[in-house]
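Novice: Structure below; questions to follow.
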Amino acid sequence: MNNTFDVMVLGLGAAGSSALYHLSKTGKRVCGIDQFEPPHAQGSSHGQSRITRQAYHEDPLYVPFIKKAYELWDEVEKNSGKQLFLKTGGLMLGSPDAGVIKGAELSARTHDIPYEYLSNHEISKRFPALKPNKDTVGVLEKNAGILFPEECVKVHLELATANGAKIHTSEKVLAVTAGTDMVEVVTGNATYSANKAIISTGAWISEFLPDLNLPLSVERQVLYWFKTNNVHQADIFAPQNLPVYIWEYAPKKMFYGFPDLGDGIKVAHHHVGEPTTPHTLNRNISDEEVEAMQDVVKEYFNLKPEFNYGAVCMYTNTPDERFVIDYHPAHKNIIIASPCTGHGFKFASITGKLLSQLALDSKPELNIDIFSVNRFL
């Protein structure tokens, strides 16, 4: 067996599967390795759905990236014949001075993204599932919607395989050593070498880069599904009647969620989970956690919530909540892939392409200076 490659991708979740797909189209000899069987529920790329949107309240600088990501998700959909995206519209909710409102408006105006500004009365009339108070306004973006994360990862890997990429799953990487010309990758099964290696291992990434001492943190994230099976209510929670949403109910405190895709509405808090590691993650959801989220649903939705089920995943965060897409500062044959910091899955299609361009020593098609690793060193 020839275990020498042009590029190896370690970790085949959101960014890694996309990078392998884009590399596989270049004719290079490429290989991907994952310690599990992607798509899987051990990391951050599961849980039925992810929000995607263009009026990006976090920072207008992200908008060129997300616009390109939309184009690439559409490309992958067409190449695979699988649905990866469902357009529902996206509703940012909060007081007129809330960060999600002002930020979404700023991005929309800066990049000419169509949107509507809604009063609390207009929100209630158009989206009867919601219960906004008198101080709540909304920014509605029509092109926002839902990505299906497990299907996205699966399709990227299927297309990469069809293009000739080698994929090794259930194979744990034990060591990565960068030499002058090659990178050696040792797993529990074999030893490989490559001209370049992309490390896209999510919550495990610091274990591969101990020399950098990156200030990353891992946060437990709980997702909840509540039933909407009352025949008199179910329709108002359907995707055609309820957009994806992010609701800033107090300054810098927010929850987000999705319409009913068959298992009930999905809802979760943003950045409130306790610190954890991939090895100590508590995957059990307590009654107290469920009751607390039920109280939120009762307050903000026209629903008597009945808990269906939950899931636990991980946010891997940088201090400034921006990604990392860069060469290792001491080893240009190692490329560091993005910790998603709780909002990165939607960018995976473009993140993977940028990583592939770095691995092939091509100039990235978008300016990635804001994602430099050197800002932490």
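None of the figures in this text is laboratory data; all of them are computed from the coordinates on show. Because the structure is predicted, anything quoted here is derived from the model rather than measured. With ideal geometry, Cβ positions are generated from the backbone for all residues, glycine too; neighbour counts draw on all protein chains shown.
Novice: Add +1 for every Lys or Arg and -1 for every Asp or Glu among the other residues with Cβ under 9 Å from the Cβ of Pro114, and state the total.
Specialist: That works out to -2.
Novice: Another one. Straight distance only, please: which lysines reach the Cα of Lys82 with their own Cα at less than 28 Å, same-chain residues fewer than 8 apart left out?
Specialist: Lys25, Lys28, Lys67, Lys68, Lys142, Lys154, Lys166, Lys227, Lys266, Lys346, Lys353
Novice: Report the net charge of residues surrounding Asn195, where surrounding means a beta-carbon distance below 11 angstrom and charges are Lys +1, Arg +1, Asp -1, Glu -1.
Specialist: +1
Novice: Could you give the length gained by full extension between Asp97 and Lys142, i.e. 0.36 nm per residue of separation minus their alpha carbon distance, to one decimal place?
Specialist: 14.0 nm
Novice: Give me the angle, in degrees from 0 to 90, between the Cα long axis of helix 14-24 and the longest principal axis of the Cα atoms of the chain, rounded to the nearest 10.
Specialist: Relative to the chain, helix 14-24 is tipped by roughly 50 degrees.
Novice: Then there's this: Within straight cross-link reach of Lys172, meaning Cα distance under 19 Å, which lysines are found once same-chain residues fewer than 8 apart are removed?
Specialist: Lys196
Novice: Shifting gears a bit: Enter the angle in degrees (range 0 to 90, nearest 10) between the Cα long axis of helix 287-300 and the first principal axis of the Cα atoms of the chain, meaning the one along which they spread out most.
Specialist: It is inclined by approximately 50 degrees.
Novice: Quick check: residue separation of Asp6 and Asn163 times 0.36 nm, minus the Cα distance between them. What number comes out in nm?
Specialist: 55.0 nm
Novice: Which FRET efficiency value, to the nearest 0.05, do you get for His111 and Asn229 by plugging their Cβ-Cβ distance into 1/(1 + (r/R0)^6) with R0 = 41 Å?
Specialist: 0.55
Novice: To continue, here is another question. Lys and Arg at +1, Asp and Glu at -1: add these up for the other residues within a Cβ distance under 14 Å of Glu105 and post the number.
Specialist: Value of the local net charge: -4.
Novice: Is there a quick way to get the dipole size of the chain? I mean about its Cα centre, with the Cβ of Lys and Arg at +1 and of Asp and Glu at -1; what is the value in debye to the nearest 20?
Specialist: 640
Novice: Angle, helix 348-359 long axis vs. longest principal axis of the chain, Cα atoms, 0 to 90°, nearest 10?
Specialist: Taking Cα atoms only, the helix is inclined about 20 degrees.
Novice: Dipole magnitude of the stretch 244-349 about its Cα centre, charges +1 at Lys/Arg Cβ and -1 at Asp/Glu Cβ only, in debye to the nearest 20?
Specialist: 480
Novice: Go ahead and run the numbers for FRET between Thr191 and Glu306, Cβ-Cβ distance against an R0 of 56 Å, rounding to 0.05.
Specialist: According to the calculation, E is roughly 0.60.
Novice: For the stretch 312-377, which trypsin sites (Lys or Arg not before Pro) are in a loop by DSSP, counting at most 10 other Cβ atoms within 10 Å?
Specialist: Passing sites in the stretch 312-377 do not exist.
Novice: Same structure, new question: If you average the alpha carbon positions of the stretch 244-313 and of the stretch 129-208, how far apart do those two centres end up, in angstrom?
Specialist: 24
Novice: Just one of [x] 30, 29, 21; [y] 42, 22, 18; [z] 37, 21, 19 is semi-axes √(5λ) of the Cα gyration tensor in Å as worked out from the coordinates here. Which one is it?
Specialist: Derived directly from the coordinates: [z].
Novice: Could you work out which residue, out of Ser24, Ser217, Ser286, moves most in a Gaussian network model of the chain, that is, has the largest mean-square fluctuation with Cα springs under 10 Å?
Specialist: Of Ser24, Ser217, Ser286, the most mobile in the Gaussian network model is Ser286.
Novice: Work from the charge dipole of the stretch 279-377 (Cβ charges, +1 for Lys and Arg, -1 for Asp and Glu, about the Cα centre) and give the residue of Ile368, Thr280, Ala292 farthest towards its positive end.
Specialist: Looking along the dipole axis, the top candidate is Ile368.
Novice: For q values of 0.14, 0.17, 0.25 Å⁻¹, compute log₁₀ I(q)/I(0) with the Debye formula on a Cα-only model of the stretch 46-132, without solvent.
Specialist: Log10 of I(q)/I(0), two decimals: -0.60, -0.84, -1.25.
Novice: May I ask for the percentage of alpha-carbon pairs in the stretch 93-160 that lie more than 19 Å from each other?
Specialist: 48
Novice: How large is ³J(HN,Hα) for each residue in the stretch 157-174, as worked out from phi by the Karplus curve 6.51 cos²θ - 1.76 cosθ + 1.60 (θ = phi - 60°), to whole Hz, x for Gly and Pro?
Specialist: 6, 5, 5, 4, 4, 4, 8, x, 5, 8, 10, 10, 10, 6, 9, 7, 7, 9
Novice: Turning to a different aspect of this structure: Only bridges whose two residues both fall in the chain count here: according to DSSP, what percent of them are antiparallel, nearest 5?
Specialist: Counting DSSP beta bridges with both partners in the chain, the antiparallel share is about 75 percent.
Novice: As a footprinting exposure proxy, order Met293, Met8 by other Cβ within 10 Å, with the fewest listed first.
Specialist: The most exposed by this proxy come first: Met293, Met8.
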